[in-house]
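Written out below as structure tokens is the structure these notes cover.
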Amino acid sequence: MSELTATQRLSVIREKGRPTVRDYIPLLFGNFLELHGDRHFGDDAAIIGGIGTFAGRPVTVIAQVKGRNLEENKLSNFSMPHPEGYRKALRLAKQAEKFRRPVICLVDTPGAFCGIEAEKRGQGEAIARNLMEFMTLKTPIVSIVLGEGGSGGALALAVCDELAMLENALYSVISPRGFASILWKDASRESEAADLMKITAEDLLKFGVCEHIIPEPDGGAHHDPTLTAENISHYLSEVLQRLAAYDTEELLEKRYNKFRKIGVFSE
Amino acid sequence: MAIEDLFKVVKDRSKADTKPRPEKQKKQAQRVEIPQGLLFKCPRCGTVTYRDDFERNKSVCAACNYHSRISYRERIEMTADKDTFTEMDAGMTSLNPIDFPGYEKKIAELREKCGMNEAVVTGVCRIHRYETVIGVMDSNFMMASMGSVVGEKITRAFEYATAHKLPVVLFTASGGARMQEGIISLMQMAKTSGAIARHGEAGQLYVTVMTDPTTGGVTASFASLGDIIIAEPKVLIGFAGRRVIQDTIKQQLPDDFQSAEFMLENGFVDMIVERKSLRSTLSKIFRTHNYTRDGDYIGGAAK
Ligand SMILES: [Zn+2]
């Protein structure tokens, strides 16, 4: 497993050529069809949703879209979803529940978008609703953090039966930069924050936030996207088979307890 | 009354307390210093009133109706039937999951200063004789940010209410997730939302009362999940911080942005209710959900 510090991983996941969901979706899923819109307001390009097959079985895929260049990033708002993105995700998750197919969420976002329109359309409510609805969704949910798992904007697609992280992915309550800026009033202390915050896959495994680490090729996913996709695929086939063994009641009980037990306090 | 006159009156009333600090006076020779504790200056409209009068008005600004921040004690006193509140999990305190430097010390200082162990107080009480689970967040305690203890106490409150077929009323106030607890604080959003889902599936009622300020990860979890969402007038409600938004979009924001009134207009709260009408509003809501009154009525709230 990786010996890199959080700061070093931060630069790995910022590598220009790091694969995104646009690379992974064709490598992982067959017959993929993108489905658009939240049926209330619009379609958010920061989240791709759709149906396809994995190992021959139907699945629903919900994925946050980092761009591979500035043009793509402008189109997908640097993977910072608006409320309609989260509502599209919920619509597709409910649809998956109806047809009893697993939901696979690919998480890669700096966070939910912060802006006037996002507030007007209820960014807080949209995220909250997903947390509650995903908790009781009657079909297996697997979330994989591909690169950046930023705050509530990531969590809204990460209430799941199992969370996996790519080896160099990070998942945090706020970006290290934001952390340094708020707690120390000094955004330049980003690396120090990253190394303090306990945000690597190994850290999150210890906390019980993450269940599995998916290895990346030496030097990072960008050195071999196909091999990385194979590693993801290997994990997915294993986990989907395992989750399929539970009946719905057991599945939901396990999901509830996964989050229920997280907390550090004395009494 | 002009502020200078008001100041003079207050000064006469308690000469001993108002010796201005010499350094400050030098710097602000032309400005009138407001003696701390005797006057209240409204952060919304700037109106200055006697603190006594302001508190008698349930800590509401008489000029603009801003419903200001109050302690959990005052909230319970003005909400619950007299002497009916029983606290749950009172002794629960934070640990330091990411070894954030100075966190234990800060918590210890706040416990001392605020006379409470954490940022939320939960328990059972009666409101107009309806038995209910109640939770009150207190912004004096680290801006009522949500760490493990807040998440755990709220989760237990919902689990208790589910088991005992009781409604839950939460008074929300928060700066958001408690960053000093790292990812553990983010997970509390999911944990509390799960407990609310189960309470809801059991057919029980959850009422949110959003108070000043309800923001960040609390808005993006349990605060937004009430069956009925009430907000107090003029309070701040939102997801992202005002400054963060301003930095992102590089433009000025309207004054009423992220106010209770803004949230009502955009469809995210059911009603804005003044403090003085809150008990009777909650009572009507309980009544309409077929909860039955219990025990002997022992009079209204103390305040
Ligand atoms: Zn005022």
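Of note:
- Out of A:A221, A:A187, A:A194, A:A180, one residue alone is over 20 Å from the mean Cα position of the chain (by Cα), buried (at least 19 other Cβ atoms within 10 Å of the Cβ) and either under 20 Å from A:I25 (Cβ atoms) or within 14 Å of chain B (Cβ to nearest Cβ) (or both). It is A:A180.
- Subset of region B:64-81 that is more than 16 Å from the ligand (Cβ to nearest atom) and of a type in the set (G, A, S) - its residue that is surrounded by the most Cβ atoms within 10 Å (Cβ to Cβ): B:A80
- Note on region A:232-261: residues that are within 14 Å of another protein chain (Cβ to nearest Cβ) and open to solvent by 50 Å² or more (accessible area, probe 1.4 Å) amount to 5.
- Search result, residues across region B:255-266 that are closer than 19 Å to B:F222 by Cβ and either within 8 Å of chain A (Cβ to nearest Cβ) or surrounded by fewer than 17 Cβ atoms within 10 Å (Cβ to Cβ) (or both): B:Q258
- Pairs where the first residue, in region A:193-204, is without any contact (Cβ under 8 Å) to a residue 60 or more places away in the chain and over 11 Å from A:Y171 (Cα atoms) and the second is open to solvent by 10 Å² or more (accessible area, probe 1.4 Å) and among the aromatic types (F, W, Y), C-beta under 8 Å, 6+ apart: A:A193/A:W184; A:L196/B:F100
- For B:D89, the stated conditions do not hold, so it cannot be described as open to solvent by 70 Å² or more (accessible area, probe 1.4 Å), modelled with pLDDT of 65 or more, of a type in the set (D, E) and within 30 Å of B:R279 (Cβ to Cβ).
- B:E159 being touching a helix residue (DSSP H, G or I) at 6+ places or on another chain (Cβ under 8 Å), open to solvent by 10 Å² or more (accessible area, probe 1.4 Å) and touching a residue at least 24 places away in the same chain (Cβ under 8 Å): yes
- Verdict on B:A260 being at negative phi and within 16 Å of the ligand (Cβ to nearest atom): yes
- For region A:94-118, a residue qualifies if it is farther than 18 Å from A:L155 by Cα and within 11 Å of chain B (Cβ to nearest Cβ), and the qualifying residues are A:G115, A:I116, A:E117.
- Failed condition for A:R100, given (1) within 17 Å of the chain's Cα centre (by Cα); (2) assigned to a loop (DSSP other than H, G, I, E, B): (1)
- Total residues in region B:75-120 satisfying the condition of being within 14 Å of chain A (Cβ to nearest Cβ) and not in a loop (DSSP other than H, G, I, E, B): the figure is 11.
- Given (1) within 16 Å of the ligand (Cβ to nearest atom); (2) open to solvent by less than 50 Å² (accessible area, probe 1.4 Å); (3) over 19 Å from the mean Cα position of the chain (by Cα), index of the condition B:S94 fails: (1)
- Residue that is least open to solvent (accessible area, probe 1.4 Å) [pool: residues in region B:223-254 that are within 16 Å of the ligand (Cβ to nearest atom) and hydrophobic (A, V, I, L, M, F, W, C)]: B:V235
- Filter result for A:R68 (in a loop (DSSP other than H, G, I, E, B) and open to solvent by 50 Å² or more (accessible area, probe 1.4 Å)): yes
- Listed here are the strands (runs of 3 or more DSSP E) enclosed by region B:148-254 that have at least 2 residues being within 12 Å of chain A (Cβ to nearest Cβ): B:168-174, B:206-214.
The values are calculated or read from the model by the stated rules, or taken from the named source; none is laboratory data. All values derive from a computational prediction rather than experimental measurement. Reconstructed Cβ throughout: ideal geometry from the backbone, glycine too, with neighbour counts over all protein chains shown. Protein only, heavy atoms only, side chains kept; ligands, DNA and RNA dropped before computing areas. Shrake-Rupley method; radii C 1.70, N 1.55, O 1.52, S 1.80 Å.
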